[in-house]
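The values are calculated or read from the model by the stated rules, or taken from the named source; none is laboratory data. Keep in mind that this is a model prediction, so the values were computed, not measured. Note that we place each Cβ from the backbone using ideal geometry, even for glycine, and neighbour counts take in every protein chain shown. Areas reflect the complete protein model, heavy atoms only, side chains present, ligands, DNA and RNA absent. Shrake-Rupley method; radii C 1.70, N 1.55, O 1.52, S 1.80 Å.
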Amino acid sequence: MSTTTAPVVGAARIARLVGDVAATRPAYRALADALRIAVADGRIAVGSRLPSERDLTAALGVSRTTVARAYEVLRESGYLVSRRGSGSLATIPSGSRHRGTSALFPADPADDVIDLTCAATRAPAGVVEAYERAVALLPQYLTGAGYLTLGVPALRAAIAARYTERGLPTDPDDVLVTSGAVAGVNVVAGALLGTGDRVLVENPGYPNTIDALRRTGARPVALPMDPGGWDVDGAAAVVGSTRARAAVLVPDFQNPTGALMSDADRAVLARALREAGTVPVVDETIVEIDLEGGPMPRPFAAHAPSAVSVGSASKSHWGGLRTGWVRAPRGLVGTLVESRAASDLGAPVLEQLVLLELMRTDPGITPERRADLRASREATATALAEHLPDVRFTSARGGLSLWCELPSDLDATRLAVAAEGEGLLVAAGPRFAVDGGLDRWVRLPHVLPPETMREAVTRLATAAALVRAGRGRSTGRRRGPLVA
């Protein structure tokens, strides 16, 4: 019977995370606080093995007593557990592992409620005309049964051409059209994963993917991310110690952080995955949302021939199309078709034809959409600086959200509950956590018009004031909204 090896957090990474604790008195308390925040924020994954006292002493340049006392504080507060033969493992105190999940879509919000739980935009100009052209093409498909399990051939060719243009030569036979990206992940998981298989998932990560993997019986294991992106050397170490069956990655404008992985880092991580026998499953849903322009890194699969790539039209064009795709290595598409047959027999033909028409005009987002998103991002950032200046965030090159770190006196879940009372729906950090934590983070999608985003931040600031005054509503057993 196989045993699970706890991911190891190296002493050098701990040193980067906690900074110069020796300059603060008492140093042991500063070290304990920094480690507690790193665990709560997901930068140290729950279940990870921390360095030995001796190794961390050397890396930080402090006394052995300082590290020992810091570890003891963490044990007493429930953030560290020591097990014979396993060392000291990071954990979350009992009662703090809320993920805010929900199996149901929230009810349609009232007209005066601003809903920022969904990081997607309205339909772009030209969708109606694309539907009209698609309807004109539809009769040629009506003579068949309508079950195009692989997808409309012309759309598969257009998707393959886009991959080739981005630096990954692709044949239409490598493409399977699906009913969206999550459906694609489900198909891939059904083909690659069995009950109990470990699968690495970025932490923070996309909650619907985490939930989908759990439903297959797989065991998600956190691959910690820093607020600014990946610690690739640390990630490679986790890959090597975990040796998971698969790893789900979002290297292009990661959701929710917006981080973009460099070509060099893709090569390093791809090599680690290959050596560990771990199959990369690459979610490229947001790859086209480049708000600044300029050269993009090559697709991750260009560095990892075994990678399976999943894409979708939901962010680049419109979520209402419910059309996505899987780009797989030669020989795997047949296995994916067999996996898919258990859930559906193909995506709707009409919507595939609509996406084909839209891609013929713009394979990604239109220049007008890019300008709108940049204006909304700027309005959101300016409003945060004015109304919530102690909230920290990085304005990423692309993506649809700001990943916001709250000050120490604000809890994300309580803030989200208070915001709902002010007519604002937001997704709190724990919704994006693989296994607890992220209590000081909130995702703010900048997908609504600038004036609406300014009003959203104003309402969030009002909610923050209520929480600080002790007047925010209790979280109780409330379960957060489904997040897109």
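Quick look at the numbers
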quantity	calculated
Residue list for segment 444-474, filter: closer than 17 Å to Val113 by Cβ and under 20 Å from the mean Cα position of the chain (by Cα)	Leu444, Pro445, Val447
Residue list for segment 307-343, filter: in a loop (DSSP other than H, G, I, E, B) and either over 21 Å from Thr285 (Cα atoms) or open to solvent by 40 Å² or more (accessible area, probe 1.4 Å) (or both)	Arg322, Arg330, Gly331, Ala341, Ala342, Ser343
Filter result for Tyr28 (buried (at least 19 other Cβ atoms within 10 Å of the Cβ), modelled with pLDDT of 80 or more and more than 32 Å from the chain's Cα centre (by Cα))	yes
Per-region count, segment 169-195, residues surrounded by fewer than 20 Cβ atoms within 10 Å (Cβ to Cβ) and at pLDDT 95 or above	4
Complete set of residues in segment 283-306 that are in a loop (DSSP other than H, G, I, E, B), buried (at least 19 other Cβ atoms within 10 Å of the Cβ) and of a type in the set (Gly, Ala, Ser)	Ala304
Options Val177, Val188: the member that is over 18 Å from the mean Cα position of the chain (by Cα) and within 26 Å of Ser314 (Cβ to Cβ)	Val177
Those residues of segment 269-282 which are buried (at least 17 other Cβ atoms within 10 Å of the Cβ) and either touching a Phe, Trp or Tyr at 6+ places or on another chain (Cβ under 7 Å) or outside any strand (DSSP E or B) (or both), in sequence order	Leu269, Ala270, Ala272, Leu273, Arg274, Ala276, Thr278, Pro280, Val282
Residues of segment 239-255 that turn out to be open to solvent by less than 10 Å² (accessible area, probe 1.4 Å), under 21 Å from Pro299 (Cβ atoms) and not hydrophobic (A, V, I, L, M, F, W, C), as a count	3
Selected residue (only one of Leu148, Leu168, Leu176 is closer than 23 Å to Asp265 by Cβ and in contact (Cβ under 8 Å) with a residue 60 or more places away in the chain)	Leu168
In segment 419-448, the residues that are surrounded by 23 or more Cβ atoms within 10 Å (Cβ to Cβ), assigned to a helix (DSSP H, G or I) and charged (D, E, K, R)	Arg431
Residues located in segment 380-412, provided they are over 19 Å from Ile286 (Cα atoms), of a type in the set (S, T, N, Q) and open to solvent by less than 30 Å² (accessible area, probe 1.4 Å)	Thr380
Pair list, Cβ < 6 Å and 6+ apart or interchain, from segment 120-132 residues that are touching a residue at least 60 places away in the same chain (Cβ under 8 Å) to residues that are part of a loop (DSSP other than H, G, I, E, B)	Ala120/Ala484; Thr121/Val447; Pro124/Thr366
Residues (out of contact with any helix residue (DSSP H, G or I) (no Cβ under 9 Å at 6 or more places or on another chain) and within 18 Å of Asn203 (Cα to Cα)) located in segment 373-395	Thr394
Some residue of segment 81-89 being surrounded by fewer than 15 Cβ atoms within 10 Å (Cβ to Cβ), out of contact with any strand residue (DSSP E or B) (no Cβ under 9 Å at 6 or more places or on another chain) and within 22 Å of Arg25 (Cα to Cα)	no
Unique match (being at pLDDT 90 or above, out of contact with any Asp or Glu (no Cβ under 8 Å at 6 or more places or on another chain) and within 30 Å of Trp403 (Cα to Cα)) among Val62, Val39, Val73	Val73
Residue within segment 467-476 that is part of a loop (DSSP other than H, G, I, E, B), over 12 Å from Thr380 (Cβ atoms) and modelled with pLDDT of 90 or more present	yes
Among (1) more than 24 Å from Thr121 (Cα to Cα); (2) under 15 Å from the mean Cα position of the chain (by Cα); (3) at pLDDT 95 or above - the single one Leu269 does not satisfy	(2)
The lone exception for Ala136 - which of (1) modelled with pLDDT of 90 or more; (2) in contact with a Leu (Cβ under 7 Å, 6 or more places away or on another chain) it fails	(2)
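Okay, residues lined up against (1) more than 18 Å from Ala160 (Cβ to Cβ); (2) of a type in the set (Lys, Arg):
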site: Ala307; (1), (2): no, no
site: Thr323; (1), (2): no, no
site: Arg330; (1), (2): no, yes
site: Gly334; (1), (2): no, no
site: Val349; (1), (2): yes, no
site: Glu386; (1), (2): yes, no
site: Arg397; (1), (2): yes, yes
site: Leu402; (1), (2): yes, no
